[in-house]
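A quick write-up on the structure given underneath.
What follows is calculated from the coordinates using simple rules that are stated; it is not laboratory data. Predicted model, so just to flag it, every value in this text is computed and none were measured. Here the Cβ positions follow ideal geometry from the backbone for every residue, glycine too, while neighbour counts run over all protein chains shown.
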2 protein chains.
Amino acid sequence: MKRTYAGQRCTAARALEVVGERWTLLIVRDALMGVTRFVGFRDTSGIPRNVLTARLNLLVEHEVLERVEYQRRPVRHEYRLTDKGRALGPVVSTLMEWGNEYYAADLPSPPTLVMHKDCGGRVVSQRVCESCRRTVRPVETTAVPAEWRLAEGRVE
Amino acid sequence: MKRTYAGQRCTAARALEVVGERWTLLIVRDALMGVTRFVGFRDTSGIPRNVLTARLNLLVEHEVLERVEYQRRPVRHEYRLTDKGRALGPVVSTLMEWGNEYYAADLPSPPTLVMHKDCGGRVVSQRVCESCRRTVRPVETTAVPAEWRLAEGRVE
C-alpha cells in the first residue's frame, strides 16, 4: 500500500513525499558532491539500475534535478541540481552531522566535509533564535503548530 | 531486495539506515512535537498499525526512542526521545524549511514553527563557515571526501 501525504498540511510530510526514502537522499547527496551521470550515481551508491531510473525520473519531475543533453551521437543526458535541489544541501548536511555523531565510531574522522567555496573553511549547521540571536541546541527548542502561536497573538 | 548501507563510510548513508524512510522521520517529527503514545503517533500521522509497531521498535532498538512504562494495570508504555533522538531535530527542521519553501504555496503560513523555549523566539537553521564565520547559502558550499582535504594538508 502506497500512502501519500499531499493532503497533510505539515510541510515536512510533503517534503518527505519527494525525498523520504533513502535512495533518493543518497542520489541528492551524490549530486551535491558533483555526480551528474547515470553511471556515476550507480557506481557511487550501488543503487540497482531500475530503482535508480525511477528515482532520477521522480527527482526530475519534482524539479530537484534537471535532465540535460550533453552528447548527440549517441544521445546522452546528465542530471544537474536545480536551485530547489541545491536547497536540500542543509537536509543532507544535518543528516550527515547526526551520522557523524552517532555512526562514525569506527572511522578516524568524518568521511565527508562540507566546505565554504570562498575561503575553504568548514561549514557547520546551527540553529539560531531570530529573537535573541543565540545559537540554540535541539533540547532548547520546541516545535509547535503555527495556529497555537497565532491564537496567542505572538506570530503575525 | 533490501540493501544495507552499514558498509558505506558515508555517515549520511549510515544515518539513512535508521531514518531514511518517510514514516520513520514522521514519527520523529511527532515525538519532537510531544507525542509519546502509540495511539498518539497513529492518530497524528495515520500510520498503519503494523508499520507503526515495526518503526517504533526500530527506533527503540537504535536508541532514538526509549520505551517507558507509565501504567501498571493494564501495563502501558510510552515512547520518549533520547538525546540521540532529540539530535534529529535539525534534520526534521531543515526538511520542514525546504518543504515550507517549495510545498506550502497553498497555505497561508508555514503550519509548524520551531521555537526557542527560553524566549519564545522563532528558531531558524543556518550554515556557518567555521573559518570566516560568515553565514553561507547552499550554493556557496561544496561537499568533499575528507581524504581529499587530508591529502591537501588543509584539514588535520
Cα-only radius of gyration and Dmax that characterise the stretch A:1-87, units Å:
13.7, 46
Under 10 °C and 1.306 mPa s, how fast does the stretch B:52-124 diffuse according to Stokes-Einstein, given a Kirkwood radius computed over C-alpha pairs? Answer in µm²/s, whole number.
107
Quick one: grab the alpha carbon gyration tensor of the stretch B:104-146, order the square roots of its eigenvalues as a ≥ b ≥ c, and give me rounded if a/c is under 1.5, else prolate or oblate depending on whether a/b is larger than b/c.
oblate
Taking every residue in A:25-37, how many Cβ atoms of other protein chains lie within 10 Å of its Cβ, on average?
3
Partner chain coverage, peptide B:39-46 - average Cβ within 10 angstrom:
1
Across the identical copies, how the A:T142 labels are spaced - nm, sorted shortest first, 7 Å along Cα→Cβ
4.4
Which longest uninterrupted range of chain A lacks any trypsin sites (Lys or Arg not before Pro) assigned by DSSP to a loop state (not H, G, I, E or B) and surrounded by at most 10 other Cβ atoms within 10 Å?
A:3-71
Mind listing the label-point distances from A:T44 to the same position on all other copies, shortest first, one decimal in nm, points 7 Å along Cα→Cβ?
3.4
Using helices alone, I'd like the mean residue ellipticity at 222 nm for the protein assembly as shown: each DSSP H run of four-plus residues gives -39500 (n - 2.57), total over residue count, nearest 500.
-12000 deg cm²/dmol
What number results when the radius of gyration of chain B, computed over Cα atoms, is divided by 2.2 N^0.38 Å?
1.26
